[in-house]
Each structure stands twice: as C-alpha cells, then as structure tokens.
Amino acid sequence: MLLQKRAGGVLPRLQDGPGTLVTVERGASEGQWLTWLERISAEGPSADPEALEIWGYTDRPSYGPGETVGLHVSTTAPVWGFEVWRDGHAFEKVHEQDGLAGAHHRVGDDVVASGCGWPRGASFEVPAGWTSGGYIVVLRGEREGREVTQDAFFVLRAAVPGEGSKLAMVAATYTWQEYNDWGGGCGYFSDEYIDHTADPLEVREKSFKPRLSFHRPWSRGLIRTPVGAPRIAQPPPPVGAAVGVPAADWAISHGYSVWTVASGWARYDALTFRWLEANGYGPELLSQWDLDRDPGVLDEYQAVVTTGHDEYWTAAGRSVLDRFIERGGGYARLGGNIVWQVRMEDGMSTQVCHKYAAHADPERHSDDIDRRTGAFEAHYIDRPPVTTFGANGFRGVYSRMAGLSPRGAGGFIVYRPGHWAFDGADVYYGDVLGGDLPLVGYETDGVAYTFHWGLPYPTGEDGAPEHLEILALTPVTLEEEDHGQAGNLISIADGDLAFAAEALFAEDTPENRDRIRRGSAVITAMSKGAGEVSCAGTTEWCHALAVGDTQVEIITRNVLDRFLG
C-alpha cells in the first residue's frame, strides 16, 4: 500500500488531537461515515503508568550461530521472562528464561527516528545446532497473577551459507519496517499534528516518517496474528455494496496495528517459508539487512526467493541480487509491489526513505544515486525495478481492495500456457489462475505491454528488456473509483496516481495519468546475464501456497526445481 490519500474528493486531514483523521467528506445527503480511517492511531506504550505491559526488541535484525542476541525490554511488570520459538513448518520452542527483574524505561520524543535507547535487559548465545530460519521471541510480563505478552523477532542465518541448502529466502524486513508504526508513526503515517488548513500536497508530504529506527519494538500483528485473520484482498462485493478494507476493521477491533494487515512476517514471509520447509526445500533465511551487511552473502546459493509484500530495497541490496543473478543464479520473486529505494544510516540501524517528499532528502542531488531515496522508477533515480525483479510496481498496482478493481478477475489470465513454468499445472490459454482465492491482489507488479495476435509483449517504455516473456497478465488499477455507495471507505482515490505521474514523468497531467492509470499484474520470465528471473507479481502468492492451491504449488515447484538444477 503506498499511502492513504484523497478520499471522496478531499484529502482526510489530521484533527487537533494526534493520531486521528477527520471524517471523509461526502454529499450532505449521504452524511458522514465513521471508519478506522478516522480512528487510526499509532502503536506504542500506554499513557497509563499503571497499565501492565511489556515491549522489547533485539539489537540486530539477524544473527549467526554463536552470536549473542541482545534483548532490550521495558515493562511495568516486576518480573518478566521470555521464550524463543522457531517459526517454520513446525512451531518449536528452543529456549526460555524466567525470573528476570522488570524495569520500565521512558520513550523519547522522536522514538520512531531515534529508537528507544533502552538498555539490554537480557541476552543469550545462539547455539551452533539451531537451524536457520525465523525466530519469535515471546516476551512475558507478570504481575499479581496477570500476564501480558509481546513479540520480538530475529532472523538466524546459516553458520556456513549454502552448506545445508542451495536455496536462500530473503525476508522483506525493510518493508516490514516501513509498516511498523510503533512509537508514533511509520512510512505511511505520523501521529504528529499537521495544520489542517495546509495545502493537501503539504499534508501528504508530512503525513509519514522518513526515518525509521530498528531499535524499537515491532507493532502487534507484524510477527504473529491469529489463524484465520482476514487478508486485504477480498471476494468481489455484491452490486451496490459499500467498499472498504475489512481486514483493517478486523485489526483495530482485535487490538492489532492497522498497518500490519499489509506487511510482516506473520501474514506474508512466514507463509512461504513454512511451505518451502514442508515441501523439502530446506531454505536458509536471510534478512535484507544481511545483503547490506555482507555483499557476498548470496555467493554460495543457486536460487533466491523473495515473497509477499516486497516493496522496499536499498540500492546496495539490489546490486547484490543483480550480481547473484548475472553470475548464473535463479531468482524467484513470489511477491508484489516493488517500488522504493531506501538507504541505511547510523551504523545500519536507521532506515531512510523520503518517498512522497523526495525533494526534502538531503541526498536528493547526490552524485551517488545509491544515496537518493524515493521511487526506483522516479525521474530522479530512474532505475526501473523490472531489470532486476521482472516487473515494475508503478505498472500495477491494486486489485480486490476497496474501490480498486473490487470485482476484477482475481487471478492471473494465462496467455502462454506452453511455458515450462506451467508444466503439469493443466492451464489453458485464457485460464484465470487463482481467481477464487483471490491470487491477484491486493498489490501487484506489472509491465508496459501491447498485444500481437492475442499475446502480450513488453513495449520496453518502462525499461523492460525485449526478451522478457509475459506468461500471464491481468488488468489492475492505480486509481480508486468511488461509486457513491453510502458507507464507502475510499482510502486511495487518485492520490497514488497523481504521485506516480509526477514521479515518473516529472509532471502530474491528465495525459501522464492516462499513461499509468490502467496497470497490470503479471507473471514473467526473463534471462539476466547467466541467470534467470521468474516473477509472480502479487502479494498473495504466499497465501496461495499456504492454503494449498494446487496449480500455484506446481508452478512454484517448477521454478525452484529448475533453478536448483
């Protein structure tokens, strides 16, 4: 999700109180409709000093065997403890400590950007026998027989990369951080007061946090959510029904951060990781931070997977992936919405992306384009993601969400059923792959295309190489329609379209909007140097694997088995 923008013809603006938004304006006859958009507030510690709570974070996103995990914890409980669980095909407890003395620590004024700065409250050394994967640290605080919990998380790398498996999966930890609103905001929201008389463009530019510290807890829902929690992509609504985002309503009503419906380990990356383990691929897990930490971290692998909502990359991490593919590696992108270039600062503990206010980036005019932040496709960076990832974010984006193609096909329309990726999947020309899930939604990647004799081909105007093959393609949109139903929640409207038109073409004009208003979700295949890229450009591919969609599983196996030889 790019950003909440103008709704019902006006931009929702912050009220006098922090963390709330003015009711969406509609016609007087329709009245005003209360939704989560008006109630939204950031995750963080309670204002009540007597409230029983516990929060904590690890001092790094990832570790290797033999390294020490530091836990930085603040709690109002007099006694606390923690459990460490490996979250793979099986959910296994591997470590626990109890009886730790609780300590409550204050939160600074700009904790989102600066981090909590809490002292280390506990630590443990990772044993040599632990398997690479995602590890959830369940923090437990107890007082007078009552208990509260909160989740921290870390990635465990393999001791020797590639020794146990030639398949690496890279968790989208930079995207998670952009959706982590703990402490007062994220890359999509700021709870600071904004002058509601300001120009809508100014409000948009100030309504997100450009600097995000890893030294703060994860919002509730990014690491764990209950089984059966709704997803953003939904079945088609009945004719005449109001549109909205039921998953966001669910999150708020159940005590989870609203932004966690769109990103995180729980709803996205973990689903693919578990499937890979269950199907014998034995993936070794990395974080995006690891690619910046060690440019040679992919050298011993044959195949790399990214998945889910994989929206943000550093230039350095992308270069590591490029070199891996060009040397002969296979890259399976089982995710959607590749848009933003970020950079890491403060010893790789702070993530920076000026996004909608890229002109405010101190590095905007740096001779080193790697230092600039904003959209990869924007004219001031001009590095189309398609050359690495097989598709472009701005040539998507939305489907099966609110007023964004809510009754779209819901699946990929197959155009090249004879491609090796579809072997054994029993797909025909014109089939809608995964239409019942839906598989296409909520965000997707696409390419600029044209048709010849019933087949889609890249035009190349968006940087796509001529040899890129479009295997399946489905219409999606970058503009949200409002059909005027009472109770509609219109959260995107034309705001993303306006921003993308300016970013890509340097001016927001009707003509430039028409160039990108109608996007596509694509499955593509291309060669790159000595390697190959297979792109399934939707955030819901991981969900299809999790629920056991037969055709999606077959296609995924075809890609991985080819890349792993």
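Miscellaneous remarks
- Each residue in Met344, Met526 was given a count of other beta-carbon atoms within 10 angstrom of its own, and listing them fewest first yields Met344, Met526.
- Rg in Å to one decimal, and Dmax rounded to a whole Å, for the stretch 238-380 via C-alpha atoms: 18.0, 55
- Rounded to 5, the percent of DSSP beta bridges in the chain classed as antiparallel: 75
- Taking each residue as 0.36 nm, the span from Asp426 to Val79 lengthens on full extension beyond its C-alpha to C-alpha distance by 119.1 nm.
- Remark: spin-label model distance His467-Asp109 equals 5.7 nm, labels positioned 7 Å along the Cα→Cβ axis.
- Fully extended contour minus Cα-Cα distance, from Glu192 to Glu553, at 0.36 nm per residue: 125.5 nm
- From the largest down, the chain spans 72, 64, 49 angstrom on the principal axes of its Cα atoms.
- Only helical runs count toward this figure. For the chain, summing -39,500 (n - 2.57) over DSSP H runs of n ≥ 4 and dividing by all residues gives -4500 deg cm²/dmol at 222 nm.
- Kirkwood Rh (inverse of mean 1/r, distinct Cα pairs), the stretch 421-483, angstrom: 13.9
- Euclidean distance between Cα centres, the stretch 387-423 to the stretch 544-565, Å: 17
- Reduced Cα scattering model of the stretch 403-529, Debye log10 I(q)/I(0), q = 0.09, 0.13, 0.16, 0.22 Å⁻¹: -0.30, -0.62, -0.88, -1.32
- Modelled FRET efficiency - R0 35 Å, Phe91 with Glu144, Cβ distances, 0.05 increments: 0.75
- Calculated over the stretch 54-156, the projected area of the Cα convex hull averaged across directions stands at 6.9 nm².
- Annotation: Cα Rg of the stretch 472-552 relative to the compact-globule expectation 2.2 N^0.38 Å equals 1.46.
- Highest-first arrangement of 274-283, 404-413, 287-296, where packing means the average Cβ count within 10 Å: 404-413, 287-296, 274-283
- Of the chymotrypsin sites (Phe, Trp or Tyr not before Pro) found in the stretch 433-499, those in coil by DSSP whose Cβ has at most 13 other Cβ atoms within 10 Å are Trp453.
- Per-residue Cβ neighbour counts within 10 Å put Ile40, Ile516, Ile338 in the sequence Ile40, Ile516, Ile338, beginning with the fewest.
- Treating r as the C-beta distance of Arg517 and His365 and R0 as 35 Å, the FRET efficiency rounds to 0.70.
- Volume per residue for the stretch 332-485 equals 166 cubic angstrom (convex hull of Cα atoms).
Where a number appears in this text, it was derived from the coordinates with a stated rule and is not lab data. Nothing here was measured: the structure is a model prediction, and the numbers come from that model. Heads up, the Cβs are rebuilt from the backbone with ideal geometry, glycines too, and the neighbour counts pull from every protein chain shown.
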